[in-house]
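The values are calculated or read from the model by the stated rules, or taken from the named source; none is laboratory data. From a predicted model like this one, the values you see are computed outputs, not experimental measurements. Because the Cβ atoms are built from the backbone with ideal geometry, glycine has one as well, and the counts that use them run over all protein chains shown.
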Amino acid sequence: MDKIKSGERSFYSFLVDRYKDMVYAIALKILGDPEDAGDAAQECFIKAFSQIHQFKGNAKFSTWLYTIIYRIAVSKLKENKIATVTITEDHHNYYASGHSENQSEQLQAKQTQYYVRCAIKKLPYMEGLLVTLHYINDLSIREVGEITGLSMSNIKIKLFRARKKLERDLTFLL
């Protein structure tokens, strides 16, 4: 961080490479559109770079970055007045491509991931975002609270409700 703050821009590309997928995933979950998510992710990294001097190191860099993308995406969401979130995946082409029996475990894992993504997609916006941040991106409740501005107890309640809904929607997999 000190090198980036002192003007050595090449080190910033390491951070972009490390966090680009997670930043994009958060933006996609909020915005629902891959192009909008890409624009938001790019805006996030530009903003983070221009404000890197404001990063104090009190929290993890990832938490600081997630807060930026969360705010950018929510702002874009309000601007666009998007009511639903979608995750696009070419699931049918995967099955149509003809996989050998040796890849049955991979196919089953992909299928499970697909159903979990679909179930998360059906959750209300905030519950889906919290599940993504906490369970998929492996952030602590405290970090999720820093990003979203929600209290820890509110996050726990929303996650509990989301887990119950996911359990209901995914019981056919058991």
(request) From LYS121, LYS156, LYS164, grab the single residue that is within 16 Å of LEU28 (Cβ to Cβ) and either surrounded by fewer than 17 Cβ atoms within 10 Å (Cβ to Cβ) or in contact with a strand residue (DSSP E or B) (Cβ under 8 Å, 6 or more places away or on another chain) (or both). (result) LYS121
(request) Pairs only if they're at least six apart or on different chains, beta carbon under 7 angstrom, first in segment 16-37 and surrounded by fewer than 18 Cβ atoms within 10 Å (Cβ to Cβ), second in a helix (DSSP H, G or I); list them, first residue then second. (result) VAL16/PHE45; LYS20/ALA41; PRO34/LEU28
(request) Say whether the condition of being of a type in the set (S, T, N, Q) and assigned to a loop (DSSP other than H, G, I, E, B) is met by at least one residue in segment 153-174. (result) no
(message) Looking at segment 131-157 only, could you name the residues that are over 29 Å from GLY57 (Cβ atoms) and within 19 Å of the chain's Cα centre (by Cα)?
(response) none
(message) Please go through segment 38-62 and give me each residue that is more than 17 Å from LYS78 (Cα to Cα) and either of a type in the set (Asp, Glu) or buried (at least 19 other Cβ atoms within 10 Å of the Cβ) (or both), ordered by number.
(response) PHE45, ALA48
(request) Could you pull out the residue among LEU150, LEU129, LEU133 that is assigned to a loop (DSSP other than H, G, I, E, B) and either closer than 21 Å to LEU77 by Cβ or not assigned by TED's automatic domain parsing to the domain that holds TYR66 (or both)? (result) LEU150
